[in-house]
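Heads up, the thing below is written out as structure tokens.
The values are calculated or read from the model by the stated rules, or taken from the named source; none is laboratory data. Because the structure is predicted, anything quoted here is derived from the model rather than measured. Glycine also receives a Cβ, built like all others from the backbone with ideal geometry; neighbour counts cover every protein chain displayed. The area values use the complete protein model at the heavy-atom level, side chains included, leaving out ligands, DNA and RNA. Shrake-Rupley method; radii C 1.70, N 1.55, O 1.52, S 1.80 Å.
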Amino acid sequence: MRRATRDWLLPPAGEAPCTPFQRVTRARGLRSDALGSEGPEHPPRLLADMERAVELVADALREGRRVAVYGDYDADGVTACALLVRCLRAGGHDPVPYIPKRESEGYGLNGEALSELSRHGVGLVISVDCGTTAIDVARERPPGLRLVITDHHQPHRDPGSGEVELAPADALVNPQRPDDEYPFKGLAGVGVAYKLALALEQRGVLPEGTAGRQLPLVALGTVADMMPLQEENRDLVRRGLLAWTEHASPGLQLLAQRSGVQGAPSSSELAFGLAPRINAAGRMGDADLALSCCLTEDPREAAEAAAQLESLNRARRQLLAAGLELARARVEEMPDELSAIVLGSPDIAPGVTGLVAGRLAEEYGRPAFVYSQQGELWRGSVRGVAGLDVVEALRRCAARLLQYGGHHGAGGFTVSPDPGQGASLAASLEQASREQLGDQRPTRTFRVDAVVGLGECGLGLARELLALQPCGTGNPAVLLCASDCWVVSAAPMGASGAHLRVLLADRSGQAEAVTFNRPRLRPHLPVGRRVDALFELELDRWRER
């Protein structure tokens, strides 16, 4: 299978001369006087079932019943769990945090876990980042156990009737509900948990200001789950970054320092520095370590949790490298006419299937379904491409799956451990993808914001571009293009030599560029070669400089 072709979409040339920053804002259709203005924050009560959820939580706290917060093992689920636990503790309560184990319990609400919590005296379970599709688990939960579900995943539709099915909870708060009228549908799981905390605060159940102090967690979980940084999310993340130094937990502050962050992180540093380290705990074993990093106020415990997460992240990188090497070799042997990549292997660790799928989807321009053939149940992840609804593709293959769920662009699934079903499963997922994508050409599209000279790419422009932050999914980092450059030098960088440092020049000046994890690029950049370059311009800080 060939890799996706690359399309560069250049902005139309403007008639009047203008600065690089003006070119960027013009290409994005932005007004400079509107940059940095706050977006709308919608009232929590607009979420369906929110008032009922607040009543249930308030009643449980008033009656002295134990409350458990049931999260998930990824960064969104961990931060959402930490947020509600921190808020309830601030109100003088002692909630029970619970994060399921990836290997033994899998994603979502688990019946045995609910029974165990009930046996230990829990009277109310609040789920975060999961629960909407746990129909049987919710229906068969222990008698008398109240259940409030807060989630943001798409609900299941009955394969026959097409009707939406919701878990029968006492309250189910999810902007993806078909009857929900909340204006913004892009909240992360931690964003929905924040809305519940805010509603409890507005009702007087929690002290004033409690929810706002958790905005660093909202920022981290929203960016980590690749939710769109648009409208309300954009403002929540921006405020969370501003509140980081004052309100982020000691563990997260130390973890940020270990990832090279000085002071408050940027959205990019959350995505590529902190999120992988938080996710490493759930991928490599026990997400309770990541939860502890978000919760603890003890400096010694915080330092220990941050150090262990750093170690797990290094191990995760090794597993990812091995999984990618195997996956790429297998994909190269697949026919080029396939609309999707479906790959199962006992040599790909369950904790890195999503990372492997993401890299394959990016490189080959096709949706990637990657599952690990390890354990009693084989678990996999999906990463989509433009034009594909991942959950809809999984729904069309529901008869071959034990469990599935996710968002529009990413999801997960579980299959029975049967090597004989590999070909039929691949055929079903391929057909479900083809039905949506048609004959769409596998392409990686790079939408350029402005064509610039290298001499224009200095600190001034980098600082101006900060007005467009936070950047991420739905609000990508500014992509610039310099044409007709020549290579002055190119040298490997890093202990393994996997990274590359390149000095480029054009008629307007010079600029140093760095590219990561592309060692095979160096032979293509001999000194003197003429190139066009696509790049992002970022501020780099070192010792306060």
Within the stretch 439-460, the residues that are open to solvent by less than 30 Å² (accessible area, probe 1.4 Å) and without any contact (Cβ under 8 Å) to a residue 60 or more places away in the chain are 453, 454
Identify the residue in the stretch 69-101 that is touching a strand residue (DSSP E or B) at 6+ places or on another chain (Cβ under 6 Å) and surrounded by fewer than 24 Cβ atoms within 10 Å (Cβ to Cβ) and, among all such residues, is farthest from residue 203 (Cα to Cα).
98
When the stretch 501-543 is checked residue by residue, the ones that are closer than 30 Å to residue 324 by Cα and in contact with a helix residue (DSSP H, G or I) (Cβ under 6 Å, 6 or more places away or on another chain) are 537
Counting just the residues of the stretch 162-199 that are assigned to a loop (DSSP other than H, G, I, E, B) and of a type in the set (A, V, I, L, M), which one comes out most open to solvent (accessible area, probe 1.4 Å)?
166
All positions within the stretch 274-288 that are in a helix (DSSP H, G or I), open to solvent by 10 Å² or more (accessible area, probe 1.4 Å) and closer than 18 Å to residue 318 by Cβ:
276, 277, 279, 283, 284
Exactly one of 115, 104 is open to solvent by 30 Å² or more (accessible area, probe 1.4 Å), at pLDDT below 95 and not charged (D, E, K, R), and that one is 104
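Residue-by-condition table, conditions (1) within 20 Å of residue 171 (Cα to Cα); (2) of a type in the set (Gly, Ala, Ser); (3) in contact (Cβ under 8 Å) with a residue 12 or more places away in the chain:
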{"site": "62", "(1), (2), (3)": "yes, no, no"}
{"site": "86", "(1), (2), (3)": "no, no, yes"}
{"site": "98", "(1), (2), (3)": "yes, no, yes"}
{"site": "113", "(1), (2), (3)": "yes, yes, yes"}
{"site": "118", "(1), (2), (3)": "yes, yes, yes"}
Please pick out the residue among 430, 512 that is surrounded by 19 or more Cβ atoms within 10 Å (Cβ to Cβ), outside any loop (DSSP other than H, G, I, E, B) and of a type outside the set (A, V, I, L, M, F, W, C).
430
Those residues that are touching a strand residue (DSSP E or B) at 6+ places or on another chain (Cβ under 7 Å), under 23 Å from residue 286 (Cβ atoms) and either open to solvent by 60 Å² or more (accessible area, probe 1.4 Å) or not in a loop (DSSP other than H, G, I, E, B) (or both), I need them from the stretch 359-403; list them, please.
370, 371, 372, 377, 378, 379, 380, 381, 403
Of all residues in the stretch 485-500, which are open to solvent by 60 Å² or more (accessible area, probe 1.4 Å) and modelled with pLDDT under 95?
492, 495, 496
So is residue 206 touching a Leu at 6+ places or on another chain (Cβ under 7 Å), closer than 23 Å to residue 62 by Cβ, open to solvent by less than 30 Å² (accessible area, probe 1.4 Å) and assigned to a loop (DSSP other than H, G, I, E, B) or not?
yes
Reported set for the stretch 256-266 where residues are at negative phi and more than 18 Å from the chain's Cα centre (by Cα) is 257, 258, 261, 262, 264
Which residues, taken from the stretch 356-397, are touching a Leu at 6+ places or on another chain (Cβ under 8 Å) and either touching a residue at least 40 places away in the same chain (Cβ under 8 Å) or more than 22 Å from residue 332 (Cα to Cα) (or both)?
366, 367, 369, 370, 371, 377, 385, 387, 388, 393, 394, 397
Any residue at all in the stretch 289-296 that's within 15 Å of residue 355 (Cα to Cα), of a type outside the set (Lys, Arg), in contact with a Phe, Trp or Tyr (Cβ under 9 Å, 6 or more places away or on another chain) and assigned to a helix (DSSP H, G or I)?
no
Within the stretch 411-426, restricting attention to residues that are outside any helix (DSSP H, G or I) and modelled with pLDDT of 90 or more, which residue is most open to solvent (accessible area, probe 1.4 Å)?
417
Of the listed residues (292, 311), the one being out of contact with any helix residue (DSSP H, G or I) (no Cβ under 6 Å at 6 or more places or on another chain), of a type in the set (Ser, Thr, Tyr) and open to solvent by 20 Å² or more (accessible area, probe 1.4 Å) is 311
Is it the case that residue 222 is modelled with pLDDT of 95 or more, under 13 Å from residue 86 (Cβ atoms), polar (S, T, N, Q) and in contact with an Asp or Glu (Cβ under 8 Å, 6 or more places away or on another chain)?
no
Would a scan of the stretch 467-489 turn up a residue that is of a type in the set (Gly, Ala, Ser), assigned to a helix (DSSP H, G or I) and over 30 Å from residue 361 (Cβ atoms)?
yes
For residue 353, work out the one condition from (1) buried (at least 23 other Cβ atoms within 10 Å of the Cβ); (2) touching a helix residue (DSSP H, G or I) at 6+ places or on another chain (Cβ under 7 Å) it doesn't fulfil.
(2)
